[in-house]
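Note sheet for the following structure.
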Amino acid sequence: MPKYPYAIWLLAFIGVGWLWIGPFQSDINNAISGGNEMDALEAQNDTNEEVDAAKLPDFPLYYVFDNASPEDEKVLQDLAEELVVNLTEGKALEIIGSYFADESGSSDENIGLARASKLSALIGDRIPSDLIIVRANPLDASKESDSRINSNKIIMVEMLATNWLDVEKTEKESVEELADKVVIRFPYNSTEKIEDPAVDEYLEKLSSRIIGSSERISLIGHTDSKGPEDSNMNLGKNRALAIFNILVSKGVSKDQVDVSSMGESLPVASNNSESGMNENRRVELKILEQQ
């Protein structure tokens, strides 16, 4: 009888087990490794899906930078159908295409107008043309963070908007107060603002607010596309200076007002119509944040 019988039996058991399992060991290892790789792949796919989702805006109608057509044309077609159905008597449809100044456009119109015009074309004659107003909205790229465009050049800002307007209110007023600026309009080839008590009233109210405050005013002059570009640049600046002189005459400090011109480069409407040119002849006034 061996001195250590239990040890001998244990070694024998291990040896037999190894002979039985050994040939399949590589398969077992591969199965375990494959499972780990599958888990890792699924986790990577989940991460990729999250990244891809983060690259897209949270609204369905979005555009690639420098492109007048949306990424999904069907979304634009569906919008056109919805607008046709929702037309009611006494209403006109306003279509506003936004654009950044550093986006390119055709020789006839900026890319904002092109975006709005594509929706108008899809609507066709199902809404009478005199009830569709196509406009552009230039966006200030300097105010937007770098996230305005993602790595695939998709614009992360909504670039197309529609509004229903009362038919009698489709003509733009001499002074128009918008969410982020005030627009004061000018006659053709003139640096004299349109004679309208509403303009005088607004400038009086603005002066009272600015005098003695730390706020500043930005005045940017704009023109239609008639005439040479350099002449329009000067005309735009002279329009801004006209508003500047009125504010200074009312007691606003010269140091509180910045004057510049964009000439004909940032239209808000088509220059192919008289009404469009009327809208483009303007000074845009912005109240800047307190320093």
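The residue of region 122-137 that is surrounded by the fewest Cβ atoms within 10 Å (Cβ to Cβ), among those that are over 21 Å from GLU168 (Cα atoms) and in contact with a Leu (Cβ under 7 Å, 6 or more places away or on another chain), is LEU122. Only a single item in (1) part of a helix (DSSP H, G or I); (2) under 30 Å from ASP78 (Cβ atoms); (3) not hydroxyl-bearing (Ser, Thr, Tyr) is not met by VAL199, and it is number (2).
Of all residues in region 174-196, those being in a loop (DSSP other than H, G, I, E, B) and surrounded by 14 or more Cβ atoms within 10 Å (Cβ to Cβ) number 7. Criterion applied to GLY227, GLY221 was being surrounded by 13 or more Cβ atoms within 10 Å (Cβ to Cβ) and modelled with pLDDT of 95 or more, and the one residue passing it is GLY221. Scan region 75-100 for residues that are loosely packed, with under 14 Cβ neighbours inside 10 Å, part of a loop (DSSP other than H, G, I, E, B) and touching a residue at least 24 places away in the same chain (Cβ under 8 Å) and the total you get is 2. Considering only region 208-218, I want to know if a residue exists there that is within 19 Å of SER261 (Cβ to Cβ), free of Cβ contacts under 8 Å to residues at least 60 places away in the same chain and outside any helix (DSSP H, G or I). No, there is no match, as no residue in region 208-218 is within 19 Å of SER261 (Cβ to Cβ), free of Cβ contacts under 8 Å to residues at least 60 places away in the same chain and outside any helix (DSSP H, G or I).
The values are calculated or read from the model by the stated rules, or taken from the named source; none is laboratory data. These numbers were taken from a predicted model, which means no experiment stands behind them. With ideal geometry, Cβ positions are generated from the backbone for all residues, glycine too; neighbour counts draw on all protein chains shown.
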